[in-house]
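J.: Got a structure here, written out as structure tokens. Questions coming.
The values are calculated or read from the model by the stated rules, or taken from the named source; none is laboratory data. This one's a predicted model, so the numbers in the text were calculated from it and none came from an experiment. Cβ placement follows ideal geometry from the backbone for every residue including glycine, while neighbour counts extend to all protein chains displayed. Each accessible area value is taken on the protein alone, full model and side chains, heavy atoms only, with ligands, DNA and RNA left out. Shrake-Rupley method; radii C 1.70, N 1.55, O 1.52, S 1.80 Å.
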Amino acid sequence: MMRQHLANYILTPLFLINFICSFGQENIDLLIDEMSIEQKVGQMTQINLGFLSSNVDQHDGKVKQIDNEKLKRAIEQYHVGSILNTAGTAYSIEKWHKILTDIQDIALATPLEIPVLYGIDAIHGVTYTKGSTLFPHNIGLAATRNPAIANQIAAATAKESRASGLRWNFDPVLDVGRNPLWPRFCETFGEDPFLVATLGAELIKGYEQDGLSENTAVASCMKHFIGYSDPKSGKDRTEAYISDITLWQKHIPSFKAAIDAGASTIMINSSMINDVPVHGSYKLLTELLRNKLGFKGMIVTDWEDIIRLHERHKIASTPREAVRIAIEAGIDMSMVPNSFSFCEHLIDLVKSGDISEDRIDASVRRILILKRDLGLFTNAYPEKDAVQNFGLQEYKSLALNSARESMVLLKNQDNVLPLPKNKKYLLLGPGANCLSALNGCWSYSWQGDNEEVYPKTSKTILDVFQERFGTSQVLCDVKSEYSNATNFSINFSDEEINNVDYVILFLGENAYAESPGNIDDLTLDHNQIDLAKRAVALDKKVILVLIQGRPRIISDFSENIDGIVNAFLPGSMGAQAIVDVLFGDFNPSGTLPFTYPAHSGDLLTYDHKNLSAMVRTAPNNKTYGGYHPAFKFGDGLSYSDFSISNLKLNADTITTDEKLQISFQLKNRSDLDGTKNIDVFINDHYASLAPDVKNLKDFTKVFLKGGEQREVLMELDRDDLFFYNAKGEKLLEEGSFSVFIGDQTATFYLKK
């Protein structure tokens, strides 16, 4: 039990619990005073559950048995304060409760009775709990342009996480997807910083808004600070070169918004910026994150990233030196996660005087505050009454609605869509009968490609087609294994194909996570391209449904496709949502959150510079055709026919203290009810730092009945008109600006 300062108290376990529950800063400091260096360092240590299992191979995808002796050693001898992950794939709620109870039984039997904080990657739903609801990945969620749905998804995920006994979620990803080659692109909200900031903040609120001590909330973890998503090579965990101006303009705003929204924790970029590993950067972690952005919460590393300062980045000559660099940079907790080396090195660093105990105390204080706020000192065990919040029908409805809203109709030649329901359909392509392709990474396993662990009730696109239309209307021999050779062939007779009215191609990518998803070329693989060309040669109407986490290039055949739908990674209700959109049971409204490239070497984002747009065709000649994607940021069609007209501003000139009122007419010229996503862009004509061609500053959704017309009102203010310099200072300069909404443009002057 606690000593010295607490000696005047009757320290029964019940008293200790009540004492800690009422902890303010003073009481937490009192507890820290009672802790040994070993106990403090233990609190800063996070170990992988697989490391505590009886199976040596942690990454074979098989469920492992937790070794109780290893678990006791970690907590009793090394005082480990946090554990993460699973030892295999998804667990049932009952198994999660048993594991977490065993952990806390050991922790609460130690002298200081400090509970263990458990962390998990609950990405697009509760990744590692059997039967959980999986929602669209962030890249599809961004296409909805619907912050309310983002908030609702996070709230549902928080409830299912807490029902599992899990209180700390390593989500959301706030990296801005500037390089579509990057294999974690699907986890981002796309290429625009305003869109990422807006939706990311809603996820933070959804996770935490009920209050961390409530059994419906989890601590969020914004990640990965910072610049992770723009690697020079496009490969995961490789270096980026980002100017300070670009860092402030594109990468910092989403993290600032999340900090302002109340995010409790943050995870650090595994890579380096401008030759400096972020885990070793005092400038980024302390001067920027702590001092300038004002983050008060707990900083955790990503997987093995302290030892990698020695092993990969080569800035530390020894593992001990790597620990010193990271702790002095500002790290609070090390996701070690498969050894006790961090503990041993940090204890030695403190005892030798190379790192002060005060520095350690600052990190331990943040960790204990988080545990207190999460209610772990009140009740460290899984909360039985939280289980009633798991598996609710409303989550499935939310998953279906969000997947529907995420669908982007990119092409609809001669209104080939929606399809009639009384015809015959030939389904081709590896995505037609594959659960893992629909759900992507972090789906009941890390990679998401283990179909054996998906719920038995899960449905592929083929399942839904056959349920709705019967086998007589559906021709398909696609196998569930994505790479099966059959899936890239057309194995039907001429007579069978002659009876088909429409060919529907389901192409894209199978599930992958992180580095296993690295590719050298965005072009769709040749087997799928060849299949698409053979499908076109059948001389039928051909519909392409893209199921993918990033924009795979389809220029080799897309001109000959009649209709194209980008479904992204729509989650557990994705098959139903796709079929709903194809047959008009849902009118699509999604809009692209990124620029869809036409060529592998043309990766300009929509907010490029004027210089990038210019192509010099000959000496002294130029044209502005440098930006020519297959589909633009914000593209997305509807089965309704919308028009935007009569864009007006309330003034030709405004001052920095005035708001700019914007109005326009939105009309549904068709008979079909529909929703229109509206993006509002501005352009600064001239500035002391070269302005972008345009920047997204607001967005909204408007529902109109068939034939309805409505005036839509929006506004901008000074916060939409400034730009950052290299020091992170906001510059607001006098000059002319343009507003763009649809094909409408209006100009105003800002006067200081």
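J.: Could you please give the count of residues in the stretch 335-350 that are out of contact with any Asp or Glu (no Cβ under 8 Å at 6 or more places or on another chain) and under 20 Å from LEU368 (Cα atoms)?
T.: Count: 2.
J.: Still on this structure, please answer the following. Here is a list of conditions, (1) farther than 22 Å from LYS752 by Cα; (2) part of a loop (DSSP other than H, G, I, E, B); (3) not aromatic (Phe, Trp, Tyr), and ALA651 meets all of them except one; can you say which number that is?
T.: (1)
J.: Could you count how many residues in the stretch 90-111 are in a loop (DSSP other than H, G, I, E, B) and open to solvent by less than 10 Å² (accessible area, probe 1.4 Å)?
T.: Summing the residues that are in a loop (DSSP other than H, G, I, E, B) and open to solvent by less than 10 Å² (accessible area, probe 1.4 Å) in the stretch 90-111 gives 1.
J.: Also: Which residue, of LYS697, LYS727, LYS752, is modelled with pLDDT under 95 and not hydroxyl-bearing (Ser, Thr, Tyr)?
T.: Going through LYS697, LYS727, LYS752 in turn, the sole match is LYS752.
J.: So, one more: Scan the stretch 437-471 for residues that are part of a loop (DSSP other than H, G, I, E, B) and over 17 Å from the mean Cα position of the chain (by Cα) and jot them down.
T.: Quick first cut of the stretch 437-471, residues part of a loop (DSSP other than H, G, I, E, B) only: 440-450, 454-460, 470-471.
If the condition is that a residue be part of a loop (DSSP other than H, G, I, E, B) and over 17 Å from the mean Cα position of the chain (by Cα), then ASP449, ASN450, TYR454, PRO455, LYS456, THR457, SER458, LYS459, THR460, GLY470, THR471 are the ones that fit.
J.: Please work out if SER688 is open to solvent by less than 40 Å² (accessible area, probe 1.4 Å) and not charged (D, E, K, R).
T.: no
J.: With the requirement that a residue be in contact with a Pro (Cβ under 7 Å, 6 or more places away or on another chain) and assigned to a helix (DSSP H, G or I), what does the stretch 154-193 give you?
T.: Within the stretch 154-193, PRO193 is the sole residue that qualifies.
J.: Restricting to the stretch 65-87, count the residues that are surrounded by 21 or more Cβ atoms within 10 Å (Cβ to Cβ) and outside any strand (DSSP E or B).
T.: 9
J.: Moving on to the next point. Would you confirm, using the coordinates I've provided, whether ALA316 is over 27 Å from the mean Cα position of the chain (by Cα), assigned to a loop (DSSP other than H, G, I, E, B) and buried (at least 18 other Cβ atoms within 10 Å of the Cβ)?
T.: yes
J.: Which pairs turn up if I take residues in the stretch 355-369 that are on the phi > 0 side of the Ramachandran plot and look for partners that are open to solvent by less than 50 Å² (accessible area, probe 1.4 Å) and among the aromatic types (Phe, Trp, Tyr) with beta carbon separation below 9 Å, at least 6 apart in sequence or on another chain?
T.: none
J.: Being under 30 Å from ALA148 (Cα atoms) and charged (D, E, K, R) narrows it down to one of ASP373, ASP358, ASP354, so name that one.
T.: Details: ASP358 fails: under 30 Å from ALA148 (Cα atoms); ASP354 fails: under 30 Å from ALA148 (Cα atoms).
Only one candidate passes the filter, namely ASP373.
J.: On to the next question. Taking the stretch 503-522 as the search range and keeping residues that are open to solvent by less than 40 Å² (accessible area, probe 1.4 Å) and not in a loop (DSSP other than H, G, I, E, B), which one is farthest from VAL416 (Cα to Cα)?
T.: GLY517
J.: Could you tell me which of the residues LYS701, LYS727, LYS705, LYS667 is open to solvent by 50 Å² or more (accessible area, probe 1.4 Å), within 29 Å of LEU288 (Cα to Cα) and out of contact with any Cys (no Cβ under 7 Å at 6 or more places or on another chain)?
T.: Going through LYS701, LYS727, LYS705, LYS667 in turn, the sole match is LYS727.
J.: Does ILE529 count as modelled with pLDDT of 95 or more, open to solvent by 10 Å² or more (accessible area, probe 1.4 Å) and among the β-branched types (Val, Ile, Thr)?
T.: yes
J.: Consider only pairs whose beta carbons are under 9 Å apart and that are at least six residues apart or on different chains; among these, list those whose first residue lies in the stretch 386-408 and is touching a residue at least 24 places away in the same chain (Cβ under 8 Å) and whose second residue is surrounded by fewer than 18 Cβ atoms within 10 Å (Cβ to Cβ) and among the small types (Gly, Ala, Ser).
T.: PHE390/GLY131; GLY391/GLY131
J.: Now, a different point. In this structure, does VAL536 turn out to be among the β-branched types (Val, Ile, Thr) and open to solvent by 30 Å² or more (accessible area, probe 1.4 Å)?
T.: Here the answer is yes, as VAL536 does meet what is asked.
J.: I need a count of the residues in the stretch 91-122 that are closer than 20 Å to CYS221 by Cβ and among the small types (Gly, Ala, Ser).
T.: Result for the stretch 91-122: 2.
Yes or no, residue by residue, for (1) without any contact (Cβ under 8 Å) to a residue 24 or more places away in the chain; (2) under 30 Å from LYS384 (Cα atoms); (3) of a type in the set (Lys, Arg):
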site: VAL218; (1), (2), (3): no, yes, no
site: ALA240; (1), (2), (3): no, no, no
site: LEU247; (1), (2), (3): no, no, no
site: LYS250; (1), (2), (3): no, no, yes
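J.: LYS694: farther than 16 Å from PRO588 by Cα, more than 33 Å from the chain's Cα centre (by Cα), open to solvent by 40 Å² or more (accessible area, probe 1.4 Å) and among the basic types (Lys, Arg), yes or no?
T.: So LYS694 fails the test.
J.: Can you tell me which condition LEU346 does not meet? The list is (1) assigned to a helix (DSSP H, G or I); (2) in contact with a Leu (Cβ under 7 Å, 6 or more places away or on another chain), and all the others hold.
T.: Unmet for LEU346, out of (1) assigned to a helix (DSSP H, G or I); (2) in contact with a Leu (Cβ under 7 Å, 6 or more places away or on another chain): (2).
J.: Anything in the stretch 694-745 that is in a strand (DSSP E or B), in contact (Cβ under 8 Å) with a residue 40 or more places away in the chain and among the aliphatic types (A, V, I, L, M)? List them, or say none.
T.: Across the stretch 694-745, the qualifying residues are LEU696, LEU704, VAL712, LEU713, MET714, LEU716, LEU731, VAL739, ILE741.
J.: Something else now. Might you check whether a residue that is assigned to a helix (DSSP H, G or I) and in contact (Cβ under 8 Å) with a residue 12 or more places away in the chain occurs anywhere in the stretch 223-232?
T.: no
J.: Would you confirm whether any residue within the stretch 201-216 is open to solvent by less than 10 Å² (accessible area, probe 1.4 Å) and of a type in the set (A, V, I, L, M)?
T.: Yes; the residues of the stretch 201-216 include at least one that is open to solvent by less than 10 Å² (accessible area, probe 1.4 Å) and of a type in the set (A, V, I, L, M).
J.: Within the stretch 275-289, can you find the residues that are out of contact with any strand residue (DSSP E or B) (no Cβ under 8 Å at 6 or more places or on another chain), farther than 13 Å from ALA326 by Cβ and open to solvent by 30 Å² or more (accessible area, probe 1.4 Å)?
T.: Those that are out of contact with any strand residue (DSSP E or B) (no Cβ under 8 Å at 6 or more places or on another chain), farther than 13 Å from ALA326 by Cβ and open to solvent by 30 Å² or more (accessible area, probe 1.4 Å): ASP275, GLU287.
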